1. Listed residues B:ASN82, B:ASN96; which is polar (S, T, N, Q) and assigned to a loop (DSSP other than H, G, I, E, B)?
2. Of all residues in segment B:136-147, how many are surrounded by fewer than 24 Cβ atoms within 10 Å (Cβ to Cβ) and over 9 Å from the mean Cα position of the chain (by Cα)?
3. Taking the criterion of being more than 21 Å from the chain's Cα centre (by Cα), over 25 Å from B:GLY333 (Cβ atoms) and among the hydrophobic types (A, V, I, L, M, F, W, C), would at least one residue in segment B:388-397 satisfy it?
4. Could you please give the count of residues in segment A:352-378 that are of a type in the set (S, T, N, Q) and under 20 Å from the mean Cα position of the chain (by Cα)?
5. Name every residue in segment B:79-90 that is more than 14 Å from every other protein chain (Cβ to nearest Cβ) and either touching a His at 6+ places or on another chain (Cβ under 9 Å) or buried (at least 17 other Cβ atoms within 10 Å of the Cβ) (or both), in order of residue number.
6. Would you be able to tell me the number of residues in segment B:401-440 that are touching a Ser or Thr at 6+ places or on another chain (Cβ under 7 Å) and more than 9 Å from chain A (Cβ to nearest Cβ)?
7. Does segment B:101-133 hold any residues that are polar (S, T, N, Q) and in a helix (DSSP H, G or I), and which are they?
8. Cβ-Cβ below 8 Å, separation at least six or inter-chain, first residue in segment B:216-235 and within 11 Å of chain A (Cβ to nearest Cβ), second basic (Lys, Arg): which pairs?
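The values are calculated or read from the model by the stated rules, or taken from the named source; none is laboratory data. Here the structure is a predicted model, which means the values were calculated and not measured. Cβ sites come from the backbone with ideal geometry, for glycine too, and all protein chains shown count toward neighbours.
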Amino acid sequence: MNFNRRQTLGMIGAGSLVAAAPARLAFAQGGGNTDNRLVVVFLRGAMDGLAAVPALGDPNFETAREGIALAPVGQENGALPLDGFFGLHHWLPEFHAAWGRKEMAVVHAVASSYRERSHFDAQNLIENGSTEPYGLASGWLNRAIVDLPIAGDKGVAITPSVPVIMQGPTRVSSWSPSSLPPPSDDLVARAGFLYRDNEQLHEYFESAKAANTGMGNGSDASGFAALMAGAARFLREPEGPRIAFTESGGWDTHAGQSAFNGPLWQAMTALNEGLATFRAEIGDEVWSKTAIVFVTEFGRTVAMNGSNGTDHGTAGAAFVLGGAVDGGKMHADWPGLRSADLYEGRDLRPTLDMRAIFKGVLRDHLGIPTSHIESQVFTDSSSVRPLEGLIRS
Amino acid sequence: MSMMTAAIAANRFGLGAKPGDLASIKSDPQGWLLAQLDGAQADPAPIAALPSTADDFQAFGRWAIQYAAQSADRNVPPFVLNRLRRQVPAVLKDKNGAQLGAEESVYATFKDRYRTAVRARFDAAVQSETPFRERLVHFWSNHFVVSSKKISAFPMPPSYERDVARSHVTGRFLDMLMASSKHPAMLHYLDNSYSVGPNSRWGKNPSEAPTLPVIGRMEGLNENLAREILELHTVGVNGGYSQTDVRNFAKVITGWMVKRGRSVFANRGLRGQSAAELFEFNPNAHEPGPQTVMGKVYAQDGVEQGEAVLLDLSRHPKTAEFIATKLVRYFIGDDPPPAAVKRVADAFLASDGDLKATATALVRSPEAWEEPLAKVKQPEEYLISGVRALGGPDISGEELEQVLSQMGQPTYMQPGPDGWHDVAAEWIGPDPIWKRLEWANDASIETAQTELAPTRLGELVLGPVLSEPTKRVLEGSASPAQGFALLLVSPEFLRR
């Protein structure tokens, strides 16, 4: 890939969207760390945090999770060990290997400020970075990186349309796998002439051309792995974007979630394969500068429902993973699993605001000043302290 | 009238010019648009061939019973299951024999039905001789969204679209609102069919309430439909209602549900019934007593209470403003000019929500004719206009599903009840441009269009909107197919 350095800061959004974002204020920025890489992966559909990261040491775990509790470490199909109290689902061996290399931190009992049960509203709230669904029309990740001194596209959305989290004032690229045959080089060159007089289309097209040069149609990987492979190929370029966003689906496990080949197996297997693909594609050097944040819109009910699945809940788990991560650590103020401990008698009670993870990573990994984070990125978050110790110092 | 006006009429208001269209409409482009609003129109052939509303609904019920029986959620006698399997063979397991989740099972069971409907909607648009009317159907379908993203509504959006948007596209807004709010697809999509008034008979005696396969026992008030009628269908999020209004309105429409057969989901005896006949007001779930919604007390009994609220909402000035703003954004520009919004809203109010009069005001708005390329085409309309221009290719439902998914707009799969968003930021960017180039390339190669030179085709479908620089690029193309691909990705063709 050959990314052209373009000094102009284009605006990706339509006027209406950009105007709805908070006015961009001047702030003292030290440039941030422009060599580090950040990937945000949204697990859409609500990952069951107690399935992914079971609290095996909680005396009430087995009864509260009757029917779907993962077996203890050491038993057949049992959990993989983390810190003695928590385990990891055995369908996530790549994540476990990262834990072993001290490259994965696990955050538990975490939730956004959303307390209803709509996937769509919850995702929108997390993406826009306010405390309301549709509270802002642009995304926190886009606003966070607006002043990173990177020429060209600062970020890339590995999605067919730019999701809310990546919309806003910062110029970002987008790419997603395609099943259509690639256009010939000659057609691409001629299409470029069509956009010469149109600044916006020219920028988009040059960005797409760079993104697709040498990409073929991604790789042999399919599904989520193809997305992660795409993210890696962008981020490993010395002059490419530094921030990538992508997403994985299939986490809404209302039925049959423990079954081998069932929905959770499919989602976790894809996630695991995606991580392995990313790690292989990005190479050792850039991996050492990378942090990947895996988040989901909310957790799921503690107890099994009538169809061997779980329903929409509240708190859940998140992963922060990569060569730059200060890993092998759990971050959890565990609320317990007795009925009285549960939120509304059914869900894991949140003890940490998800924005604490994002704020910690933005500050410690990308060097973005807290003043910018609290005035532009997460505007109502001064009471949410950045989570300490996620990134290697 | 100028060719520029004809080009705007065919591409902005219509679904894209076919070769010859501009010449035939140029004497009176506005008249050509307005004539399309006259009278009732038979359903386009591909739409008429789709399953009935009752069939879509029953099919889902037959799947639900088979699925529930498998998950041991419900005991169903084997002879009933066998009959259901003959009618709708539910796909319950994957190729490895593992039980599928509900979403995967619904998708696997109904994907052929889905693809047929996606193809029908596309073909109707490509073939339409009244493309302004057809575009309005798409607009209203996306306003009163029912999306296949919700499994309990999966097979229903196509017949719902026909019953609600298509049937009332030039009728009264109130009738469309009423048809939507009582439609089995909407009652499932926004959960009203499972909503129970706290002081209703079933609210007080929960054990009497039916238990539904997959969904479970009906209990409690569900605010979903009431909220979305206010927020998304009528007065809009700034319409001046409170959470209490939402709750009270939800109570008003408790008991609005889908008619049940003797066996809850088998729906025996529903065959051939229209959407209106599938609606049932069930007093057992209805919250008794008067309710106050947006400052007015509604003391009516039964279904009339909700109908009275819908009538008032349909006449509310905020509704006129909300609808007008959306229409103007869709037809004139991402930042709706206030004068045009006011003109359209006034027409809506003055005509008591006559959608023909409202659409006429839109066509008569001078702002609509000023800037020929104000709107970025969304993926589906981009493909429709491309096939109309090229005269091909023939795209299967499966290919449409794949291409539109990869472009981020799978038909009938809006992510949420707010529908596809209608601003450029959603639809233009590096990946969208690239995907359009890939598709244009593929479509041009498949469509052996050799009678016209690319520049000539460009002039025929874009008229004077086709720029000189684009013409020069087309003239220099290496082959006709390449030229057609370049036409389809030209800045003038990406917009309308």
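1. Only one candidate qualifies: B:ASN96.
2. Of the residues in segment B:136-147, 0 are surrounded by fewer than 24 Cβ atoms within 10 Å (Cβ to Cβ) and over 9 Å from the mean Cα position of the chain (by Cα).
3. yes
4. 1
5. Hits for segment B:79-90 are B:LEU84, B:VAL88.
6. The total comes to 4.
7. B:SER105, B:THR109, B:THR116, B:GLN127
8. If the second residue must be basic (Lys, Arg), the pairs left are B:GLU223/B:ARG247.
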